[in-house]
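All remarks here apply to the structure that follows.
Read the figures in this text as sums done on the coordinates, not as results from a lab. All values derive from a computational prediction rather than experimental measurement. Note that each Cβ is placed from the backbone with ideal geometry, even for glycine, and that neighbours are counted across all protein chains shown.
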Amino acid sequence: MTADLRRRLREFAAGASTVALLAGAACDDNDPIYGVGGDGGSGGSGEVDLAIVLGDLQNGRTSEAYPEPLVVQATEDLGLVDGVQNTQNIQPVEDLEILWAITKGVATLSNPASVTDSSGFASVTVTPGPLLGDIEVTATVAGEAGDSVEFNLRTTVFLVEILIDRFEVPLGGDSIEVVLGDTIEWVNRDALKHAVLSTSVPDGGFTFNSGDMDNSQRYRFVPKVEGVFEYVDPLSVQDVNPTGLISVVGQDVGALRVVTATSGENPDQAYVVTINGVQSSAIGPADEVTFPALRATAQAVRLVEVQPNCTVAGENPRAVAVVAQDTVTTTFDVTCE
């Protein structure tokens, strides 16, 4: 947690935990404003309220954690303060379990649950998957009928990492398929200088040249035409300059999420999923992988490298209709003996 973030949370806690908030009621200078209950007090609801403190409405990059963690605060209404009419005592709740869940989109959480601190704060870090679009994260107080809040996030940039010997895209490899108008961003993860220089562009497309990029520096490009863009790292110290490829398709595309569920005593350790026999990706026995930019038409999806002791239920390959501007899911159930 950065020093700036700690400062912001301290400021929020200072304001939120000043629990005696006068509601315009006149009071005598001798009236106490401490303590709960007694003749002058009134019992609170006893219910825990959850509120968003930080992290909502962020935009992020594929496969890179959002800049700010998601932070909530749990508070409880303990009733009226003695001697002061219409003044509520709102206190933070410590040691309360908060459950976190991805309820929309593709992303991972740093932890599925966290516990509130002395200020009632609990937090989680979210890392988007390889797909652009909306991500919704729900925080819920553990237990029956616990209060909940929803964070709305977006992934708007495809991130390509520049390593010492290669380019690395969200799904692995050095090739990326994007939709017309998407944003691609390169980041230098190496201590040495690197660059991004286009070597081939489709008709009507613009060339691009990042210039020298030091460690952690970034460069963005937005393709304006469909087709294939090829590029190299001209500053690489490798014998052969690393290359990359961007395939830009029209907006009549969607995403396909493939899920595996394996049961049995001797489960397989890994499979490969293929799309039309062209695109492929490794996938675990209880895993998922998303192909982010496929034509909105029927796609042939197949699970291969399945061991002889394992059986795939249903059709394999199977036809899955991809829907434009949406994500379609297909699940392969595998039983191993």
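Here are the numbers for the structure shown:
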| read-out | value |
| --- | --- |
| Whole-Å semi-axes of the ellipsoid equivalent to the range 205-296 (Cα gyration tensor, √5λ, descending) | 34, 20, 12 |
| Estimated Rh, the range 253-336: Kirkwood, alpha-carbon pairs, angstrom | 12.8 Å |
| Packing-based ranking, highest mean first, of 328-337, 178-187 given that Cβ atoms within 10 Å are counted | 178-187, 328-337 |
| Charge context of ARG189, other residues only, Cβ under 10 angstrom, K/R +1, D/E -1 | -3 |
| Karplus-derived 3J(HN,Hα), 6.51/-1.76/1.60, for each residue of the range 171-176, Hz, glycine and proline x | 9, x, x, 10, 10, 9 |
| Cα-based equivalent ellipsoid, the range 135-211: semi-axes from gyration tensor eigenvalues, Å | 38, 17, 10 |
| Förster-model FRET efficiency, 35 Å R0, VAL278 and ARG220, C-beta, rounded to 0.05 | 0.80 |
| Convex hull volume per residue in cubic angstrom - Cα atoms of the range 163-249 | 80 Å³ |
| Summed side-chain charge close to LEU294 - residues other than LEU294 whose Cβ falls under 13 Å, Lys, Arg +1, Asp, Glu -1 | -1 |
